[in-house]
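The values are calculated or read from the model by the stated rules, or taken from the named source; none is laboratory data. Everything numeric here is computed off the predicted structure, so don't read it as measured data. Heads up, the Cβs are rebuilt from the backbone with ideal geometry, glycines too, and the neighbour counts pull from every protein chain shown. Areas reflect the complete protein model, heavy atoms only, side chains present, ligands, DNA and RNA absent. Shrake-Rupley method; radii C 1.70, N 1.55, O 1.52, S 1.80 Å.
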Amino acid sequence: MNPLTHRSRLLAISDIHGHGEGLKLLLAASAYDARRDQLILLGDYINADPDTWGTLEQIQQLTLNGATALLGNLEMGLLKKAGSIPETLVPPARLDWLNGLPFYVTVGSWLFVHAGIRPGRSLEQQSPEDLTGIREDFWNAAPDCGYTVVFGHTPTFKLGAKPGAIWQAPGRLGIDTGAKHGERLTLLDLTGGTAYSCSTLQASLYGDLRIEAVSLPESL
């Protein structure tokens, strides 16, 4: 995947899991402007439940306006059963769009990917299975790719972060803050060091909006 040009602000969000309204809230809170900001979406926009598949329309529209969307393991699963999905749930044109999404993208010193990368392999040698599904082998070793890897897939509380908070380690930045698990959905401004997040707990769904400063050293 060719590197993107860094615009005024670089924003990233991962593992939306059907919380399209939460995404809208966070984009509004951050004053996202598609004409000047670069938005990277790191996959898992949906759940296995077809009720969440409508979120893909929202993601597709964002990409038409300039955002970059990556494939996650749930989108890969959807594509594998494309022939059996009713057109009323996911139109063929949307599946075609989904099939054309990249697995990773680089912007400056950042590498964005859904799950991570396998240590010891070049980016060109990475498999779709690792890019969308790797876990411990990536968490437990600082990457040697020359980038800081921004990833989702694994909720940060499983990596030792406080529930709802991002996770940092040398060369790695985890931003799946547990939206699927009733924790938080987070949009991270990597340029300004600001995290915009809301609750995904059913009792306070999309409430408790927080705007917090985050320290993002140049060398993580």
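Tabulated results
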| read-out | value |
| --- | --- |
| Unmet requirement for residue 119, which otherwise passes all of (1) in a loop (DSSP other than H, G, I, E, B); (2) out of contact with any Cys (no Cβ under 9 Å at 6 or more places or on another chain) | (2) |
| Qualifying residue in the range 37-56 (condition: surrounded by fewer than 16 Cβ atoms within 10 Å (Cβ to Cβ), modelled with pLDDT of 95 or more and either aromatic (Phe, Trp, Tyr) or not in a strand (DSSP E or B) (or both)) | no |
| Any hit, the range 155-169, residues being in contact with a His (Cβ under 8 Å, 6 or more places away or on another chain) and at pLDDT 95 or above | yes |
| Selection count, the range 8-30, where residues are of a type outside the set (Asp, Glu), open to solvent by less than 20 Å² (accessible area, probe 1.4 Å) and outside any helix (DSSP H, G or I) | 8 |
| Qualifying residue in the range 147-158 (condition: open to solvent by 60 Å² or more (accessible area, probe 1.4 Å), touching a strand residue (DSSP E or B) at 6+ places or on another chain (Cβ under 8 Å), part of a loop (DSSP other than H, G, I, E, B) and without any contact (Cβ under 8 Å) to a residue 40 or more places away in the chain) | no |
| Criterion violated by residue 63 - all others in (1) part of a loop (DSSP other than H, G, I, E, B); (2) open to solvent by 10 Å² or more (accessible area, probe 1.4 Å); (3) β-branched (Val, Ile, Thr) satisfied | (1) |
| Residue match in the range 74-83 (condition: surrounded by fewer than 17 Cβ atoms within 10 Å (Cβ to Cβ) and part of a loop (DSSP other than H, G, I, E, B)) | yes |
| Pairs where the first residue, in the range 60-89, is over 11 Å from residue 132 (Cβ atoms) and the second is among the small types (Gly, Ala, Ser) and at pLDDT 95 or above, C-beta under 8 Å, 6+ apart | 60/69; 62/34; 62/69; 63/69; 65/34; 66/34; 67/34; 69/43 |
| Residue among 144, 176, 137 that is surrounded by fewer than 16 Cβ atoms within 10 Å (Cβ to Cβ), part of a loop (DSSP other than H, G, I, E, B) and of a type in the set (Asp, Glu) | 144 |
| Subset of the range 179-203 [in a strand (DSSP E or B) and among the β-branched types (Val, Ile, Thr)] | 186, 194 |
